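Data block below; observations after.
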Amino acid sequence: MSKRFKVWVSRPLFADVLARLEQYVDIDAEAVERVHDAQELKQRLAAVDGAIIGLADRVDAATLVGNDRLRVISNLAVGYNNLDIEALTLAGVLACNTPEVLNETTADYAWALLLAAARRVGAAERWLRAGRWRGAMRFDDWLGVDLHGRTLGILGMGRIGQAVARRASGFDMRVLYHNRSRLPAPVESVCAARWVDKAELLRESDHLVLVLPYTSESHHIIGAAELALMKRGSVLVNIARGGLVDEAALAASLREGHLAAAGLDVYEDEPLVYPELLGLEQVVLSPHLGSASADTRRNMAELAVDNVLAGLGLGPKAGRPPAPINPRVLEARRPGSKA
Ligand code: DGY
């Protein structure tokens, strides 16, 4: 009988990355992308020592009831609003994520959405593909909002927010940000960004990017009141989590022409998109792909494997996972206490 640890991988991953994992543990890897309901997730996690899971897998206290085998959960994302960290910590389960490796790729994508929304790329392409460019085009067709020389606002100035800010110098933009805590002066200087309170950020930004974590405190941090504070003709981009925005209020603001455009990569009820947003030409929509470059997704998978192996005390980083979310679990762990 095998004495090796067992790891469940809830999403199809790169074969060579899985092969590296398999050198150390037995794996049960899903071959097809699908959603696992709460009951299945509970059963799967009860039958393994470690798991690599995705954002669609929601782990809370109920998921862990009766589970005395699981030691580590490795989230294939930097955000971990799908995990109840308190419940995992109480259950002695180490949780890990994939920070850093996706910062630049996700910041690139914020700019893709900013440019596409401000310059109406989605609507113009749909119009062209529909064969509607037949004769002369009016000189005042497809007028968008400039980025260069305008004010970029960033709500949430962690590593990804800072990477978004650094790119703004190429567009000669003034950069304002709001974060609970102000960045150290040298970091502000590298980002060429100035801290302002949230109301000023909303009032002053021509383009506002949301890059903050989703928690109960940040739920609907952009609602009707905040949208009303934003400039008429401004643009909103959300690359963080859908629940940050009250989507009904956003749709209303766009419909009334207060906001000129929006670029959204994330939705409150993914994979469902608030229906009215689907019908608005001035919204650029993408399916939560901010970190999806070939290199970055591979790096995320490698990091997730490093995390799960190290959390199980295996591999070159045994006992020192690169990205623990609740390192208290490691500190409290006594050799053999949960094996
Ligand atoms: C993350 O890592 O949190 C992204 O949203 C998923 O790619």
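The values are calculated or read from the model by the stated rules, or taken from the named source; none is laboratory data. Only a predicted model underlies this, so the values are computations on that prediction, with no experimental measurement involved. Every residue, glycine among them, receives a Cβ derived from its backbone with ideal geometry; neighbour counts consider all protein chains shown. When the accessible area is computed, the model is the full protein with side chains, heavy atoms only, and any ligands, DNA or RNA have been set aside. Shrake-Rupley method; radii C 1.70, N 1.55, O 1.52, S 1.80 Å.
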Is it fair to say residue 72 is buried (at least 22 other Cβ atoms within 10 Å of the Cβ) and away from the ligand (no atom under 16 Å from the Cβ)? yes
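Please enumerate the residues belonging to segment 221-237 that are away from the ligand (no atom under 16 Å from the Cβ) and either touching a strand residue (DSSP E or B) at 6+ places or on another chain (Cβ under 7 Å) or closer than 15 Å to residue 285 by Cα (or both).
Step one: of segment 221-237, the residues away from the ligand (no atom under 16 Å from the Cβ) are 221-236.
Within segment 221-237, 222, 227, 230, 233, 234, 235, 236 qualify.
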Please work out which one of (1) outside the structural domain of residue 109 (by TED's automatic domain parsing); (2) surrounded by 15 or more Cβ atoms within 10 Å (Cβ to Cβ); (3) away from the ligand (no atom under 16 Å from the Cβ) is the condition residue 320 fails and give its number. (2)
Suppose we filter segment 80-103 for residues that are more than 9 Å from the ligand (Cβ to nearest atom), in a loop (DSSP other than H, G, I, E, B) and either open to solvent by 10 Å² or more (accessible area, probe 1.4 Å) or among the small types (Gly, Ala, Ser) (or both); how many remain? 5
Could you tell me which numbered condition residue 177 fails, if it satisfies all but one of (1) of a type in the set (Ser, Thr, Tyr); (2) over 23 Å from residue 260 (Cα atoms); (3) open to solvent by less than 20 Å² (accessible area, probe 1.4 Å)? (2)
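Quick one: which helices (runs of 4 or more DSSP H) sit completely within segment 265-339 and have at least 3 residues that are modelled with pLDDT of 95 or more and of a type outside the set (Val, Ile, Thr)? Full working, then the answer.
Details: elements: 275-278, 294-311, 328-332.
Those helices (runs of 4 or more DSSP H) span 275-278, 294-311.
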Checked pairs for segment 203-224, first without any contact (Cβ under 8 Å) to a residue 40 or more places away in the chain, second open to solvent by 60 Å² or more (accessible area, probe 1.4 Å), C-beta under 9 Å and 6 or more apart or across chains, list as 203/229; 203/231; 220/268
If you check every pair at least six apart or on different chains, which have Cβ atoms under 8 Å apart with a residue in segment 60-86 that is touching a residue at least 12 places away in the same chain (Cβ under 8 Å) first and a residue that is near the ligand (Cβ under 9 Å from one of its atoms) and of a type in the set (D, E, K, R) second? 79/241; 81/241
How about segment 196-212: which of its residues are open to solvent by 10 Å² or more (accessible area, probe 1.4 Å) and not small (Gly, Ala, Ser)? 197, 198, 200, 203, 204, 206, 211, 212
Residue 284 fails exactly one of the following numbered conditions: (1) under 18 Å from residue 17 (Cα atoms); (2) of a type in the set (Val, Ile, Thr); (3) more than 16 Å from the ligand (Cβ to nearest atom). What is the number of that condition? (1)
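Would you mind finding the one in 107, 77 that is within 16 Å of the ligand (Cβ to nearest atom), open to solvent by less than 30 Å² (accessible area, probe 1.4 Å) and part of a loop (DSSP other than H, G, I, E, B)?
Details: 107 fails: part of a loop (DSSP other than H, G, I, E, B).
Exactly one residue qualifies, and that residue is 77.
Kindly check whether there is at least one residue in segment 186-202 that is away from the ligand (no atom under 16 Å from the Cβ), at pLDDT 95 or above, outside any loop (DSSP other than H, G, I, E, B) and closer than 17 Å to residue 290 by Cα.
Taking segment 186-202 as the starting set, the residues that turn out to be away from the ligand (no atom under 16 Å from the Cβ) are 186-202.
Now narrow it down to the ones that are at pLDDT 95 or above: 186-202.
The next check asks that each one be outside any loop (DSSP other than H, G, I, E, B); those that pass are 186-191, 193-195, 198-202.
Those still in the list that are closer than 17 Å to residue 290 by Cα too: none.
Looking through segment 186-202, none of the residues is away from the ligand (no atom under 16 Å from the Cβ), at pLDDT 95 or above, outside any loop (DSSP other than H, G, I, E, B) and closer than 17 Å to residue 290 by Cα.
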Say we look at segment 238-266 and pick out the residues that are open to solvent by 10 Å² or more (accessible area, probe 1.4 Å) and touching a Lys or Arg at 6+ places or on another chain (Cβ under 9 Å); which of these is nearest to the ligand (Cβ to nearest atom)? 260
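Taking the condition more than 16 Å from the ligand (Cβ to nearest atom), surrounded by 19 or more Cβ atoms within 10 Å (Cβ to Cβ) and in contact (Cβ under 8 Å) with a residue 60 or more places away in the chain, does residue 116 pass?
Working: more than 16 Å from the ligand (Cβ to nearest atom): yes; surrounded by 19 or more Cβ atoms within 10 Å (Cβ to Cβ): yes; in contact (Cβ under 8 Å) with a residue 60 or more places away in the chain: yes.
The answer is yes for residue 116.
Please count how many residues of segment 1-48 are outside any loop (DSSP other than H, G, I, E, B), open to solvent by 70 Å² or more (accessible area, probe 1.4 Å) and of a type outside the set (D, E, K, R). Even if it seems obvious, please write down each step before you answer.
Of segment 1-48, the ones outside any loop (DSSP other than H, G, I, E, B) are 6-9, 15-22, 26-29, 38-46.
Next cut, open to solvent by 70 Å² or more (accessible area, probe 1.4 Å) only: 6, 15-16, 22, 38-39, 43.
Among the residues that remain, those that are also of a type outside the set (D, E, K, R) are: 15, 38-39, 43.
Residues in segment 1-48 being outside any loop (DSSP other than H, G, I, E, B), open to solvent by 70 Å² or more (accessible area, probe 1.4 Å) and of a type outside the set (D, E, K, R): 4 in total.
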In segment 255-274, what count of residues is obtained for those that are among the hydrophobic types (A, V, I, L, M, F, W, C) and under 18 Å from residue 221 (Cβ atoms)? 4
Can you confirm whether residue 168 is among the hydrophobic types (A, V, I, L, M, F, W, C) and surrounded by 19 or more Cβ atoms within 10 Å (Cβ to Cβ)? yes
